[in-house]
Amino acid sequence: MSDINHLEILAKIDASQLDYDEWINVGKALKCEGYDWTDWDSWSQWDPRYKAGECQRKWAGFTGRGITGATLTQYAKDQGATFGGGYDGPHKALTWESMLSNTPEDSAYRFVDHEWLEGADIQEPGDNWDPIRDIRRYLNALFSPSETFGYVTDCWETDDGRSLPTKGVYHITVKKILDELERYKRTMPGEEIACAFSCTPATDHGAWVRFNPLDGEGVKDANVVDHRYALVESDVLSVGKQKAIYEQLELPIAALVHSGGIYLDPDVTALVKLPTSKKEWVDLHEMKLDALEELVEELQGSPLLVAYDFKHDLARIQKRFGKDVPYIGGGVSVKRSMELEQAWNRGELPLLFGHPQSIAHGLNLQQVGQHVAWHTLTWDYELYDQFIRRVRRQGSKARRVFVHHILAEGTIDEVILGALKMKRRGQNALFSALKKLKKS
């Protein structure tokens, strides 16, 4: 029997408001927590439907497992009961951006009082655990087959002895890993995980999966294609209480992972689905697209590199120029980017769209073309300058590169362009001053 007095919780439940199945569950919960059938019988007598001797007969068939005291707590709450110390201080609405710090005010906020919460039943991985099956279920629950994800199977040690994860692998698709698991399952049974993930089975630190899809170019926040999930876990509560709290909060959990306590203390990690943004863009006009289309026609097939910034920009561009229009940006793999780079330099692409963060560094597009257009400007002068320098760089066959700014009059476009010009003047002034200083 636990330290919680379940009879006090039972007293908060009106038996007459429960249906037959719920009444049976109360009896099962009491037996599971070590109480006697007479406790159930005494409480049941408050119900007009009470039948003498029925509790004793039913009690004999209960196993004492499965349904726990947490069921009693839930029934009491369903009928309006409250538990634990309330919060009498100032109240405030919490958003997804809200932060609760370790202050007397914030620590008083309680969504779930774990002191009154029974641990939920949880099945720990046993001897018959099938890791291949669970890896498949996990990846299929979080990603689509074509999405790129990252994983880490190795660490490096700092000077003070701490172990930190490496960048790991971040350019492989879910389908590729699943295919590799199946292939090695047939050819090298028992070693399929190590082979598919190219890792050492006896690693000292375990392994991690980056649970949000990546663009295949890195592991920074900017490389996350979709902030789809958030991680929720506790280092101090038992695994049963962790799971019970997740259930009480009714979190939209996409995957619940048990660590097994192989390398660290056992915990249950919940990957919670974040709400989709309700913000929508409204198509006010298509004048910038009209101007871009006119520019393409004027160039008569001369290659044009076009910068866009927002997802809705790309969606509108694809609607105007076709869904197959080539672009380098979020969701495009490194392999695909290299293919487009080579096709551009062979003169096979009269039109190529690119996001400044994806294209401003590392790509060489100077073999053909002398026209760059900005459908959407960026505030970042370095990205602006480097994007243009993908074409205007050493080795370019063109004597000059023409930069076209497509602006909507009287809008933020003009403000951004003005800011970029000021930043360029400031940078040029700095370089000029450094040259004079070097000569002196």
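The values are calculated or read from the model by the stated rules, or taken from the named source; none is laboratory data. On a predicted model such as this, the values are computed, not experimentally measured, just so you know. Note that we place each Cβ from the backbone using ideal geometry, even for glycine, and neighbour counts take in every protein chain shown.
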Practice prompt. Please specify each residue of the stretch 228-255 satisfying the condition of being crowded, with 17+ Cβ neighbours inside 10 Å, without any contact (Cβ under 8 Å) to a residue 40 or more places away in the chain and among the polar types (S, T, N, Q).
Written response: Q242
Item to complete: Kindly provide the set of residues from the stretch 150-171 that are surrounded by 14 or more Cβ atoms within 10 Å (Cβ to Cβ), over 18 Å from L256 (Cα atoms) and touching a residue at least 40 places away in the same chain (Cβ under 8 Å), ordered by number.
Response: G150, V152, T153, D154, C155, P165, G168, Y170, H171
Response to the item:
Screening L407, L417 for residues that are assigned to a helix (DSSP H, G or I) and modelled with pLDDT of 80 or more leaves only L417
Worksheet item: Any chance the stretch 364-371 includes a residue that's more than 27 Å from the chain's Cα centre (by Cα) and outside any loop (DSSP other than H, G, I, E, B)?
Response: yes
Item to complete: Kindly establish whether L352 is under 26 Å from Q300 (Cβ atoms), in a loop (DSSP other than H, G, I, E, B) and in contact with a strand residue (DSSP E or B) (Cβ under 8 Å, 6 or more places away or on another chain).
Response: no
Discussion item. Residue under question is K31, and the condition is that it be in the same structural domain as I67 (by TED's automatic domain parsing), surrounded by 15 or more Cβ atoms within 10 Å (Cβ to Cβ) and at pLDDT below 90; does it hold?
Written reply: no
Practice prompt. Identify, from the list L420, L434, the residue that is crowded, with 17+ Cβ neighbours inside 10 Å and either in contact with a Leu (Cβ under 8 Å, 6 or more places away or on another chain) or not charged (D, E, K, R) (or both).
Written response: L420
Worksheet item: When the stretch 296-332 is examined, which residues are found to be small (G, A, S), surrounded by fewer than 17 Cβ atoms within 10 Å (Cβ to Cβ) and part of a loop (DSSP other than H, G, I, E, B)?
Response: G301, S302, G322
Fill in: Residues satisfying the stated conditions in the stretch 423-440, i.e. part of a helix (DSSP H, G or I), among the polar types (S, T, N, Q) and over 42 Å from the mean Cα position of the chain (by Cα)
S432
Item to complete: Take the stretch 236-259 and flag every residue that is over 24 Å from W208 (Cβ atoms), of a type in the set (A, V, I, L, M, F, W, C) and out of contact with any helix residue (DSSP H, G or I) (no Cβ under 8 Å at 6 or more places or on another chain).
Response: L249
Worksheet entry | the stretch 12-59, residues that are over 15 Å from Q74 (Cα atoms) and hydrophobic (A, V, I, L, M, F, W, C) | C32, W37, W40, W43, W46, A52, C55, W59
Response to the item:
T376 meets each of (1) β-branched (V, I, T); (2) at pLDDT 85 or above; (3) over 30 Å from the mean Cα position of the chain (by Cα) with one exception, condition (3)
Worksheet item: In the set Q386, Q394, Q342, Q370, which member is of a type outside the set (F, W, Y), in the same structural domain as L299 (by TED's automatic domain parsing) and crowded, with 18+ Cβ neighbours inside 10 Å?
Response: Q370
Worksheet item: Any residue in the stretch 201-210 that is assigned by TED's automatic domain parsing to the domain that holds D154, of a type in the set (V, I, T) and modelled with pLDDT under 75?
Response: yes
Discussion item. Looking at G126, G161, G89 in this structure, which one is more than 20 Å from the chain's Cα centre (by Cα), assigned by TED's automatic domain parsing to the domain that holds S234, at pLDDT below 75 and not aliphatic (A, V, I, L, M)?
Written reply: G161
Response to the item:
Sole miss for Q342 among (1) out of contact with any Pro (no Cβ under 9 Å at 6 or more places or on another chain); (2) over 27 Å from K220 (Cβ atoms); (3) in a helix (DSSP H, G or I) is condition (2)
